[in-house]
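Below is one structure, written out as structure tokens, with a few remarks after it.
The values are calculated or read from the model by the stated rules, or taken from the named source; none is laboratory data. From a predicted model like this one, the values you see are computed outputs, not experimental measurements. Here the Cβ positions follow ideal geometry from the backbone for every residue, glycine too, while neighbour counts run over all protein chains shown.
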Amino acid sequence: MSATAAIPDDAARQRLLEARPMWRIVLGQFVEHRMAVAGVFVIAFFLGVALLAPMISAVTGLDPNRQNVLARYQPLLSWEEASPSERELRVQRFLQGGDRTALADHVRSLGLAGADLPQDEVLYQLVSSHEPAQLLGLLRDGPTPDSAAAREQLGDFERVVEDFRSFHLLGTDELGRDVFIRLVYGTQVSITVGLLVALISGLIGLVIGSVAGYYGGRLDALLMRFTDALLSLPILVVLIVVSAVDLGKLLGGTPLAFITGHEHESVIKMVIILCAFSWMQAARLVRGSILSIKEQEFVLAARVLGARDRTIIATHVVPNVIAPLLVAVTLGIGNAILFEAALSFLGLGIQPPTPSWGNMLHNAQEMVQHAPMLAILPGLLILFTVISFNYLGDGVRDAIDPRGIRR
């Protein structure tokens, strides 16, 4: 090959000389990590499910807390008929939604109820004396009501009757609750706990590590010995012991008493407990990075120019430790989800009726031989989520590593 053939043309030379911004270099290297990219799509899917959980419940008509003990342990792809008491409850809610006189008159005109029955009793007798499919046929095949109010109320009532028969994609659990919608809301709880714990513990670690690394001396020794003491504890055993503490008794009469006494108390308690024992790794990571950064010329220049310590830390030091901290936070999300699932599995985490993947595993353990899918499904979701966050952390670490950046 001649020497002239190896010389690139003008366009290729221009591309070689063109400087690429750092974010594009990092993004390009991240995309090369195929498992990290796959993890991003899996995480995005779970985040979408968590955000759209109320909409999914509204579209499917499923309630994660609705029980039907007559339809326990239904298999996959099964249909469930609402019990008579459940039908009457839904009719009661329908009657509370407004005046149903026009609908009651129309039902009497069809001869489906006694002419002397009051409005409420007409609909109760209707649903108790006919099966849902038969009742829908009678209402739809009958003559159309003359008044617009009766037609509107008839359409609303038909939708209520349609809900008497529900489809369970993933079957039902030990209380007859739909497994699919509980997994959807469990995604919301588990992902929320994982994200909050990782972000808050990362922030705590950033503050403690920055103060310890920048100031050094006795303050550094005190903070790091406290951190080392927490790291030396058997974390799961400590979490089990702390989870058994009753927040109502502990915080009663204090300004933090508002945390207790509502439906999300167990979720808040779990976030607080996991945050209290999850910040140590981030603190040591930040402190180690700052020990080398604070001796750099740009930090010394800022001191010479009279910048205050808090300005130097916030403006010059912290931005240089964000990249490794981001990796720690990303990996911490998976650990937080695992710890929450473990504590909920032991009955010490998220408490029913709030669904989470961990307490769904706890509820499934007694019937795992007869209904194995109740344990397999939440277990697989935990596996996929944790692996995805771990691969995401690996991809971010490889992409922002200065030694691996290829310009």
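Against the condition in a loop (DSSP other than H, G, I, E, B), within 30 Å of LEU338 (Cα to Cα) and in the same structural domain as ALA229 (by TED's automatic domain parsing), how does SER266 come out, does it pass? When the stated conditions are applied, SER266 does not pass them.
Please indicate, with yes or no, whether at least one residue in the stretch 176-184 is more than 21 Å from the chain's Cα centre (by Cα) and surrounded by fewer than 19 Cβ atoms within 10 Å (Cβ to Cβ).
no
Checked against the criteria, ALA282 does not count as in the same structural domain as VAL386 (by TED's automatic domain parsing), surrounded by 16 or more Cβ atoms within 10 Å (Cβ to Cβ), without any contact (Cβ under 8 Å) to a residue 60 or more places away in the chain and outside any loop (DSSP other than H, G, I, E, B).
Among the residues in the stretch 164-174, are any buried (at least 21 other Cβ atoms within 10 Å of the Cβ), touching a residue at least 12 places away in the same chain (Cβ under 8 Å) and part of a helix (DSSP H, G or I)? Within the stretch 164-174, none of the residues are buried (at least 21 other Cβ atoms within 10 Å of the Cβ), touching a residue at least 12 places away in the same chain (Cβ under 8 Å) and part of a helix (DSSP H, G or I). Taking the criterion of being loosely packed, with under 11 Cβ neighbours inside 10 Å, modelled with pLDDT of 80 or more and farther than 27 Å from GLY171 by Cα, would at least one residue in the stretch 24-36 satisfy it? The answer is yes; a qualifying residue exists.
Of the helices (runs of 4 or more DSSP H) lying entirely inside the stretch 294-397, none contains at least 3 residues that are among the polar types (S, T, N, Q), in contact with a Ser or Thr (Cβ under 9 Å, 6 or more places away or on another chain) and free of Cβ contacts under 8 Å to residues at least 40 places away in the same chain.
Kindly check whether there is at least one residue in the stretch 242-263 that is at pLDDT 90 or above, over 18 Å from VAL197 (Cβ atoms) and either of a type in the set (A, V, I, L, M) or assigned to a helix (DSSP H, G or I) (or both). No, the conditions are met nowhere in the stretch 242-263. If you check VAL59, VAL49, VAL91 for being at pLDDT 75 or above, under 27 Å from LEU175 (Cβ atoms), surrounded by fewer than 11 Cβ atoms within 10 Å (Cβ to Cβ) and among the β-branched types (Val, Ile, Thr), only one passes: VAL59.
Condition check: surrounded by 16 or more Cβ atoms within 10 Å (Cβ to Cβ), modelled with pLDDT under 85 and of a type outside the set (A, V, I, L, M, F, W, C). Does GLN134 satisfy that? No. Taking the conditions exactly as written (in contact with a Leu (Cβ under 9 Å, 6 or more places away or on another chain), surrounded by fewer than 15 Cβ atoms within 10 Å (Cβ to Cβ) and either more than 19 Å from LEU139 (Cα to Cα) or not basic (Lys, Arg) (or both)), does VAL40 satisfy them or not? No.
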